[in-house]
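For reference, the structure discussed in these notes is given below.
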Amino acid sequence: PAGALAASAPQLAMLAAMWPASLAGEGNMAALYYAERLLELPLGLVGACLGMAALPRLSRLARAGRWRDFALLRDASLRWAVRLSLPAAAGLAAVSGPLVDCLLGHGAFDANAVRLTALAVLAYVPCLPACAVSRCLLAGCHAAGRRRLTALTGLLTPLLALGTGLLLIRVLDAPVRGAGAAAAASFALWVQTALLWGLGR
């Protein structure tokens, strides 16, 4: 249960950001929903795959007590997470506006909806490296049996996304409040990553 909770933190943080977005004005909640859909491909390819690929071997090394090899494999996974996620994040940020317009800008999805969704994508872009790195760190924590730490980060992340999102929609101007809710999720996921990095290594 602890592992599932921590691994679900990105989805829970984005779900928590929906509440502030629903208070941010018409169209913002839908913008976050569609922006999250556009994140799924790079997030799955980079973040989830690296963590899943590393976990079985990390577990075998931990069971064998080969902690030096464990650290080398974990650190190699982290390096690849950074190398793959940063270009993916930069590319998504660069094409966010045209991508949203091309894929979604039809029918009832008007120019304002395109603008709100593109802003939400930009605010979600920092999630990509955070999720990629945290998945590798979570794999290491699971393999090493650090279940309390993973449970703690899994509980804290959505609560932080919710609280930060509610704060941001109060202080930001109306046109960017929805993006503020998405930025809150990104911030919460970076806090999770920092906790796993600092306490789980």
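The values are calculated or read from the model by the stated rules, or taken from the named source; none is laboratory data. All values derive from a computational prediction rather than experimental measurement. FYI the Cβ positions are ideal-geometry reconstructions off the backbone, even for glycines, and counts take in every protein chain you see. Side chains are part of the model used for accessible areas, which takes the heavy atoms of the whole protein and leaves out ligands, DNA and RNA. Shrake-Rupley method; radii C 1.70, N 1.55, O 1.52, S 1.80 Å.
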Screening Arg57, Arg115 for residues that are of a type in the set (Lys, Arg), open to solvent by 60 Å² or more (accessible area, probe 1.4 Å), at pLDDT below 85 and part of a helix (DSSP H, G or I) leaves only Arg57
When restricted to Leu138, Leu99, the only residue more than 17 Å from Leu32 (Cα to Cα) and at pLDDT below 95 is Leu138
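Answer yes or no as to whether Ser22 is within 22 Å of Arg170 (Cα to Cα) and either of a type in the set (Phe, Trp, Tyr) or surrounded by fewer than 19 Cβ atoms within 10 Å (Cβ to Cβ) (or both).
So Ser22 fits the description; yes.
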Scanning the range 118-153 for residues that are of a type in the set (Val, Ile, Thr) and within 12 Å of Ala93 (Cα to Cα), the one surrounded by the fewest Cβ atoms within 10 Å (Cβ to Cβ) turns out to be Val125
How many residues of the range 125-159 are farther than 13 Å from Trp197 by Cβ and either basic (Lys, Arg) or free of Cβ contacts under 8 Å to residues at least 40 places away in the same chain (or both)? The answer is 3
By residue number, the members of the range 146-170 that are under 19 Å from Leu78 (Cβ atoms) and either out of contact with any Leu (no Cβ under 9 Å at 6 or more places or on another chain) or among the hydrophobic types (A, V, I, L, M, F, W, C) (or both) are Leu149
Within the range 90-112, residues being in contact (Cβ under 8 Å) with a residue 60 or more places away in the chain and assigned to a loop (DSSP other than H, G, I, E, B) number 0
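Looking only at the range 143-201, count how many residues are assigned to a helix (DSSP H, G or I) and closer than 23 Å to Trp67 by Cα. Don't jump to the end; show me each part of the working.
As a first pass, look at the range 143-201 and keep what is assigned to a helix (DSSP H, G or I): 143-144, 147-171, 174-200.
Filter once more, so that each one left must be closer than 23 Å to Trp67 by Cα: 143-144, 147-151, 193-200.
Result for the range 143-201: 15.
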Of the residues in the range 124-167 that are among the β-branched types (Val, Ile, Thr) and within 13 Å of Ala183 (Cβ to Cβ), the one that is farthest from the chain's Cα centre (by Cα) is Thr164
Residue pairs within 6 Å by beta carbon, gap of at least six or interchain, first lying in the range 164-184 and on the phi < 0 side of the Ramachandran plot, second open to solvent by 50 Å² or more (accessible area, probe 1.4 Å) and not hydrophobic (A, V, I, L, M, F, W, C), listed first then second, are Ile169/Arg177
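Answer yes or no as to whether Leu72 is modelled with pLDDT of 80 or more, open to solvent by 60 Å² or more (accessible area, probe 1.4 Å) and not charged (D, E, K, R).
Yes: the conditions hold for Leu72.
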